[in-house]
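Visitor: One structure is given below, represented as C-alpha coordinates, and several questions about it will come after.
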Amino acid sequence: MSAFVALASRRGTSRQDEALGGFVAALDQAWAASTRKAVTALLARLRGTRDYAAAFHEDPADPVFPQLEMLIPAVAQTARRWDRRVGRVSVLTDEQQMLTDDALRTVREYACAPVGMTLLTRERGADVAAVVRGSSVDHPSIQLADLLAGAAAAVAERHEGNLSDVGEGLWPVITSFVEQSSLLPYDDPAAQLRSVKERSVRR
(Lines give C-alpha, C1' and ligand atoms only; values in the text may rest on other atoms or scores of the structure.)
Protein backbone atom coordinates (compact mmCIF):
# COMPACT_ATOMS: atom_id res chain seq x y z
CA MET A 1 0.00 0.00 0.00
CA SER A 2 2.75 2.47 0.91
CA ALA A 3 4.55 1.76 -2.39
CA PHE A 4 1.36 2.44 -4.35
CA VAL A 5 0.67 5.66 -2.44
CA ALA A 6 4.23 6.83 -3.13
CA LEU A 7 3.72 6.19 -6.85
CA ALA A 8 0.19 7.58 -7.13
CA SER A 9 0.50 10.75 -5.06
CA ARG A 10 1.38 14.15 -6.47
CA ARG A 11 4.76 13.90 -4.75
CA GLY A 12 5.50 10.92 -6.98
CA THR A 13 5.91 13.26 -9.95
CA SER A 14 9.13 14.69 -8.50
CA ARG A 15 10.74 11.29 -7.90
CA GLN A 16 9.04 9.08 -10.44
CA ASP A 17 11.90 6.64 -11.04
CA GLU A 18 12.33 6.01 -7.31
CA ALA A 19 8.59 5.62 -6.74
CA LEU A 20 8.21 3.29 -9.72
CA GLY A 21 11.14 1.14 -8.61
CA GLY A 22 9.69 0.81 -5.12
CA PHE A 23 6.26 -0.13 -6.46
CA VAL A 24 7.62 -2.80 -8.83
CA ALA A 25 9.90 -4.20 -6.11
CA ALA A 26 6.94 -4.45 -3.71
CA LEU A 27 4.91 -6.35 -6.32
CA ASP A 28 7.80 -8.73 -7.01
CA GLN A 29 8.29 -9.38 -3.30
CA ALA A 30 4.58 -10.00 -2.71
CA TRP A 31 4.37 -12.32 -5.74
CA ALA A 32 7.36 -14.36 -4.56
CA ALA A 33 5.96 -14.69 -1.05
CA SER A 34 2.34 -15.49 -2.01
CA THR A 35 1.05 -18.96 -1.17
CA ARG A 36 -2.53 -18.46 -2.39
CA LYS A 37 -3.22 -19.37 -6.01
CA ALA A 38 -5.73 -16.60 -6.72
CA VAL A 39 -3.54 -13.95 -5.09
CA THR A 40 -0.44 -15.17 -6.94
CA ALA A 41 -2.29 -15.01 -10.27
CA LEU A 42 -3.48 -11.47 -9.56
CA LEU A 43 0.00 -10.32 -8.54
CA ALA A 44 1.41 -11.90 -11.70
CA ARG A 45 -0.93 -9.74 -13.78
CA LEU A 46 0.00 -6.63 -11.79
CA ARG A 47 3.70 -7.31 -12.39
CA GLY A 48 3.02 -6.76 -16.07
CA THR A 49 1.81 -3.19 -15.55
CA ARG A 50 5.25 -1.58 -15.23
CA ASP A 51 4.96 0.25 -18.58
CA TYR A 52 1.58 1.65 -17.59
CA ALA A 53 2.93 2.74 -14.23
CA ALA A 54 5.92 4.38 -15.89
CA ALA A 55 3.56 6.52 -17.99
CA PHE A 56 1.35 7.28 -15.01
CA HIS A 57 2.43 10.92 -14.56
CA GLU A 58 3.35 11.69 -18.15
CA ASP A 59 0.00 12.50 -19.77
CA PRO A 60 -2.61 13.24 -17.11
CA ALA A 61 -6.11 12.91 -18.48
CA ASP A 62 -7.76 14.74 -15.60
CA PRO A 63 -6.65 18.33 -14.96
CA VAL A 64 -8.24 18.37 -11.50
CA PHE A 65 -6.29 15.51 -9.95
CA PRO A 66 -4.37 13.53 -12.59
CA GLN A 67 -2.76 11.29 -9.98
CA LEU A 68 -4.56 8.68 -7.91
CA GLU A 69 -4.11 10.79 -4.80
CA MET A 70 -5.55 8.83 -1.88
CA LEU A 71 -7.00 11.96 -0.27
CA ILE A 72 -9.57 12.28 -3.06
CA PRO A 73 -11.45 8.98 -2.61
CA ALA A 74 -10.82 9.08 1.16
CA VAL A 75 -12.73 12.33 1.63
CA ALA A 76 -15.59 11.17 -0.59
CA GLN A 77 -15.81 7.82 1.18
CA THR A 78 -15.82 9.54 4.56
CA ALA A 79 -18.78 11.62 3.44
CA ARG A 80 -20.60 8.48 2.31
CA ARG A 81 -20.04 6.64 5.59
CA TRP A 82 -21.18 9.50 7.82
CA ASP A 83 -24.20 10.12 5.60
CA ARG A 84 -25.26 6.55 6.35
CA ARG A 85 -24.88 7.13 10.08
CA VAL A 86 -26.34 10.59 10.56
CA GLY A 87 -27.92 11.67 7.27
CA ARG A 88 -27.08 14.92 5.45
CA VAL A 89 -23.47 15.95 6.10
CA SER A 90 -21.02 18.77 5.51
CA VAL A 91 -17.33 17.89 5.28
CA LEU A 92 -14.45 20.02 6.56
CA THR A 93 -10.99 19.02 5.31
CA ASP A 94 -7.56 20.12 6.49
CA GLU A 95 -5.46 22.32 4.23
CA GLN A 96 -3.70 20.10 1.71
CA GLN A 97 -1.98 21.00 -1.56
CA MET A 98 -4.01 18.39 -3.39
CA LEU A 99 -7.36 19.62 -2.10
CA THR A 100 -7.86 22.60 -4.38
CA ASP A 101 -11.26 24.21 -4.90
CA ASP A 102 -11.71 22.20 -8.12
CA ALA A 103 -10.76 18.99 -6.34
CA LEU A 104 -13.21 19.64 -3.50
CA ARG A 105 -16.03 20.25 -6.02
CA THR A 106 -15.18 16.97 -7.71
CA VAL A 107 -15.08 15.17 -4.36
CA ARG A 108 -18.60 16.38 -3.55
CA GLU A 109 -19.89 15.35 -6.99
CA TYR A 110 -18.39 11.88 -6.56
CA ALA A 111 -19.71 11.48 -3.01
CA CYS A 112 -23.22 12.42 -4.15
CA ALA A 113 -23.18 10.05 -7.14
CA PRO A 114 -24.31 6.39 -6.95
CA VAL A 115 -21.48 3.85 -7.15
CA GLY A 116 -21.36 0.15 -7.95
CA MET A 117 -20.82 -2.01 -11.02
CA THR A 118 -24.03 -4.05 -10.71
CA LEU A 119 -27.52 -3.64 -9.29
CA LEU A 120 -26.57 -5.89 -6.37
CA THR A 121 -23.50 -3.84 -5.44
CA ARG A 122 -24.86 -0.41 -6.29
CA GLU A 123 -24.95 2.14 -3.45
CA ARG A 124 -26.85 5.38 -3.41
CA GLY A 125 -24.98 8.66 -3.35
CA ALA A 126 -24.54 10.60 -0.13
CA ASP A 127 -26.48 13.73 0.78
CA VAL A 128 -23.53 16.12 1.06
CA ALA A 129 -24.34 19.77 1.70
CA ALA A 130 -20.77 21.03 1.25
CA VAL A 131 -17.11 20.04 1.16
CA VAL A 132 -14.87 22.87 2.38
CA ARG A 133 -11.28 23.40 3.44
CA GLY A 134 -10.11 24.85 6.74
CA SER A 135 -7.20 25.29 9.13
CA SER A 136 -6.68 23.62 12.48
CA VAL A 137 -6.00 27.09 13.89
CA ASP A 138 -9.59 28.12 13.16
CA HIS A 139 -11.28 24.72 13.52
CA PRO A 140 -10.51 22.65 16.65
CA SER A 141 -12.40 19.75 15.05
CA ILE A 142 -9.47 19.31 12.65
CA GLN A 143 -7.11 18.97 15.62
CA LEU A 144 -9.48 16.35 17.03
CA ALA A 145 -9.42 14.47 13.72
CA ASP A 146 -5.61 14.46 13.81
CA LEU A 147 -5.71 12.99 17.32
CA LEU A 148 -8.13 10.30 16.16
CA ALA A 149 -5.88 9.45 13.21
CA GLY A 150 -2.93 9.09 15.58
CA ALA A 151 -4.97 6.82 17.83
CA ALA A 152 -5.96 4.65 14.86
CA ALA A 153 -2.30 4.35 13.87
CA ALA A 154 -1.40 3.19 17.39
CA VAL A 155 -4.13 0.54 17.30
CA ALA A 156 -2.97 -0.64 13.87
CA GLU A 157 0.56 -0.96 15.27
CA ARG A 158 -0.87 -2.94 18.19
CA HIS A 159 -2.48 -5.33 15.72
CA GLU A 160 0.90 -5.83 14.07
CA GLY A 161 2.43 -6.79 17.41
CA ASN A 162 4.02 -3.43 18.26
CA LEU A 163 2.49 -3.05 21.70
CA SER A 164 2.20 0.25 23.51
CA ASP A 165 0.21 1.65 26.40
CA VAL A 166 -1.55 3.98 23.94
CA GLY A 167 -2.63 1.15 21.65
CA GLU A 168 -3.80 -1.00 24.56
CA GLY A 169 -5.83 1.83 26.02
CA LEU A 170 -7.43 3.06 22.81
CA TRP A 171 -8.34 -0.06 20.82
CA PRO A 172 -11.80 -0.49 22.43
CA VAL A 173 -12.71 3.01 21.19
CA ILE A 174 -11.10 2.82 17.76
CA THR A 175 -12.56 -0.55 16.76
CA SER A 176 -16.08 0.87 16.96
CA PHE A 177 -15.21 3.01 13.92
CA VAL A 178 -13.81 0.16 11.80
CA GLU A 179 -16.25 -0.94 9.10
CA GLN A 180 -16.43 -3.69 6.50
CA SER A 181 -15.14 -1.28 3.86
CA SER A 182 -12.05 -0.38 5.87
CA LEU A 183 -8.66 -1.18 4.33
CA LEU A 184 -8.05 -4.36 6.31
CA PRO A 185 -7.95 -7.86 4.76
CA TYR A 186 -10.54 -9.40 7.08
CA ASP A 187 -14.23 -10.20 6.95
CA ASP A 188 -14.61 -8.62 10.39
CA PRO A 189 -11.79 -6.06 10.74
CA ALA A 190 -13.00 -4.70 14.06
CA ALA A 191 -12.99 -8.16 15.63
CA GLN A 192 -9.51 -8.83 14.28
CA LEU A 193 -8.17 -5.61 15.77
CA ARG A 194 -9.40 -6.63 19.21
CA SER A 195 -6.86 -9.44 19.45
CA VAL A 196 -3.11 -9.30 19.01
CA LYS A 197 -1.45 -12.12 17.14
CA GLU A 198 1.38 -13.89 18.92
CA ARG A 199 4.49 -12.55 17.25
CA SER A 200 7.72 -10.94 18.28
CA VAL A 201 7.59 -7.21 18.79
CA ARG A 202 9.49 -5.38 16.10
CA ARG A 203 12.25 -3.03 17.30
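The values are calculated or read from the model by the stated rules, or taken from the named source; none is laboratory data. Remember, predicted model here, so these are calculated numbers, not experimental data. Glycine gets a Cβ as well: all are built from the backbone with ideal geometry, and neighbour counts include every protein chain shown. Accessible surface areas use protein heavy atoms only, side chains included; no ligands, DNA or RNA. Shrake-Rupley method; radii C 1.70, N 1.55, O 1.52, S 1.80 Å.
Visitor: Identify all residues within segment 135-157 that are in a helix (DSSP H, G or I), touching a strand residue (DSSP E or B) at 6+ places or on another chain (Cβ under 7 Å) and not hydrophobic (A, V, I, L, M, F, W, C); write none if there are none.
Guide: 141
Visitor: On to the next question. Any chance segment 86-106 includes a residue that's within 16 Å of residue 74 (Cβ to Cβ), in a strand (DSSP E or B) and of a type in the set (Asp, Glu)?
Guide: yes
Visitor: Could you list, in sequence order, the residues of segment 23-37 that are open to solvent by less than 70 Å² (accessible area, probe 1.4 Å), closer than 22 Å to residue 9 by Cα and not acidic (Asp, Glu)?
Guide: 23, 24, 25, 26, 27, 30
Visitor: Report those helices (runs of 4 or more DSSP H) wholly inside segment 1-55 carrying at least 1 residues which are under 27 Å from residue 96 (Cβ atoms) and touching a Leu at 6+ places or on another chain (Cβ under 6 Å).
Guide: Answer list for segment 1-55: 2-8, 16-33, 50-54.
Visitor: Name every residue in segment 111-152 that is under 30 Å from residue 167 (Cβ atoms) and open to solvent by less than 50 Å² (accessible area, probe 1.4 Å), in order of residue number.
Guide: Passing the criteria: 134, 135, 136, 142, 150, 151, 152.
Visitor: When you check residue 40 against the structure, is it surrounded by fewer than 13 Cβ atoms within 10 Å (Cβ to Cβ), out of contact with any strand residue (DSSP E or B) (no Cβ under 9 Å at 6 or more places or on another chain) and at pLDDT 90 or above, yes or no?
Guide: Here the answer is no, as residue 40 does not meet what is asked.
Visitor: If you scan segment 90-110, which residues turn out to be touching a residue at least 40 places away in the same chain (Cβ under 8 Å), within 21 Å of residue 136 (Cα to Cα) and surrounded by 13 or more Cβ atoms within 10 Å (Cβ to Cβ)?
Guide: Of everything in segment 90-110, those that are touching a residue at least 40 places away in the same chain (Cβ under 8 Å), within 21 Å of residue 136 (Cα to Cα) and surrounded by 13 or more Cβ atoms within 10 Å (Cβ to Cβ) turn out to be 91, 92, 93, 94, 98.
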